[in-house]
C-alpha cells in the first residue's frame, strides 16, 4: 500500500472513494459539510502534485435506482467553494460511456464527480464486475471514506482487487482515523476513560465488552443507562428500557469489577412527562423516576461527577450523547460533557470523538477544534473499536 504523503501524483489519475453522504434540507442544500471538508486536504494534495481526481460517493439510501433527491449534483456548489479555481465536472452516471469519456479526458488539476454509486444495486452487493468498471476511472485508487469502511461494497472493498499494492492507499482522513483509533486502543496514556451513551444497550454491548479490557473508567449515559439502572433495582418510570438486556448489563458490570474498571451510571436525571421538546421536566434521582415520567438527560450531580472524571483523565473516548440533545431542553448534559472534554484536551489529554451523534454534538457545541480528533464514521468507528476487521481497510493490504 502506498504512503499517500510520500507519493507524487503528477500526471496520475486518481479514482478516490469519498464519503459525501451529507445531510440535505428540504431545499436540497447541504446542512453539515463535515464529511466534505474532511476530504479536501487529500484532494488538494493530488491536484497540487499535478494529478487529477475522479470522486465517487454515495448519498442517502435510494431504492434500487436513481432518485433525484439523492443526486450528488446537489453538493457540487458546496464542493466548489473549497476549489474556487477548479472547474468541477459532473457525470450523471458512474459507469456510463459518458462518465468514462469524461474521466478519460480529465486533465491535471481537474476534478470529476461521479453520480451516486447507490443508484446501482451492484454497489452495496460488492459486485466484482461493477467494481472493475469503477476501477477503470483511474490509475491509482485512494480510499478516504472511513465512514463506509465497515461496508464490503464495490467502491470501498471490491475495487481494491483491481489495483496492486503500489497503486492503492489511504488518503489523509482514512489514515488519521485508523491512527487515532489505534492510539486509543493500544498504549493510551492512563487514566483512560470512555463515555458511552446513545439510545440502546443492544447497540453498544460489543463496544462495552471490548472497552472493559482497556479502560479505567466507563461513564454510561443516554437511553442505554436506564437498562443498567433497572438491572440494579432502580425505578425508571417510562424511560427507555430493554428487558432482554438486563442480565447482560449485570454481566458487564461484574466483568468490569473483575477487571478493575469503574463503571459510573447517572446519579440524577432530567425527567420529562412526554417525549417532546416542550415537555414538562424536573430533576429526579436516577433510581426513583416517577411512574409516567421518562429520563431524557443526565442531571447536575451526574454532570459534575462525569466532568470531574473526564478532567482527570489523560485519554478519553466519547461515543454517544448523554440525552436527547436534539431537544434544547434536554441538551445540557451532552453539551456539558463536550465542554469537559474540551477543557481536558486543553490541559493535555488525548480525546477521540467516535463519530455519529457524538460528532454532531461536538460540532453543534462549537468545540470541535478543542478536541484531539473527531471521527467522520459512526458505524465504522464503532466496529473498529469493537475489534472487528473493516473490509475497506483489509482490502488495501491484500
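What follows draws every value from the coordinates through simple rules; no lab data is involved. Because the structure is predicted, anything quoted here is derived from the model rather than measured. Backbone-built Cβ (ideal geometry, glycine too); neighbour counts: all protein chains shown.
Quick notes on this one:
- Degrees, to the nearest 10: 34-49 long Cα axis against longest axis of the chain: 30 degrees
- Cβ crowding within 10 Å, taken as a proxy for footprinting-reagent exposure, orders 46, 88 from fewest neighbours to most as 88, 46.
- DSSP finds beta bridges in the chain, and of those with both partners inside it, around 20 percent are antiparallel.
- For the pair residue 389 and residue 61 in one chain, pulling the backbone fully straight at 0.36 nm per residue adds 115.7 nm over the alpha carbon distance.
- With contacts taken as Cα pairs under 8 Å at a separation of at least 6 residues, the chain carries a relative contact order of 15 percent.
- FRET E, pair residue 1, residue 48, Förster distance 25 Å, beta-carbon r, rounded to 0.05: 0.70
- At an R0 of 41 angstrom, the distance between the Cβ atoms of residue 285 and residue 189 translates into a FRET efficiency of 0.70.
- Packing-based exposure ordering (other Cβ within 10 Å, fewest first) of 232, 296, 79: 232, 79, 296
- Label point 7 Å beyond Cα of residue 312 along Cβ direction - residues of segment 214-240 with amide nitrogen under 13 Å: 217
- Label-point separation, residue 92 to residue 213 (7 Å along Cα→Cβ), nm: 5.2 nm
- Each part reduced to its alpha carbon centroid, segment 336-392 and segment 262-294 end up 26 Å apart.
- One decimal place: the segment residue 259-residue 25 gains 79.6 nm when fully extended, by the rule 0.36 nm per residue minus the C-alpha distance.
- Taking 40, 54 and counting other C-beta atoms within 10 Å, the order from fewest to most: 40, 54
- Max mean-square fluctuation residue, GNM over the chain, Cα-Cα springs under 10 Å, options 246, 196, 374: 246
- When peptides 111-122, 267-278 are sorted by average Cβ neighbour count within 10 Å, with the highest value leading, the order is 111-122, 267-278.
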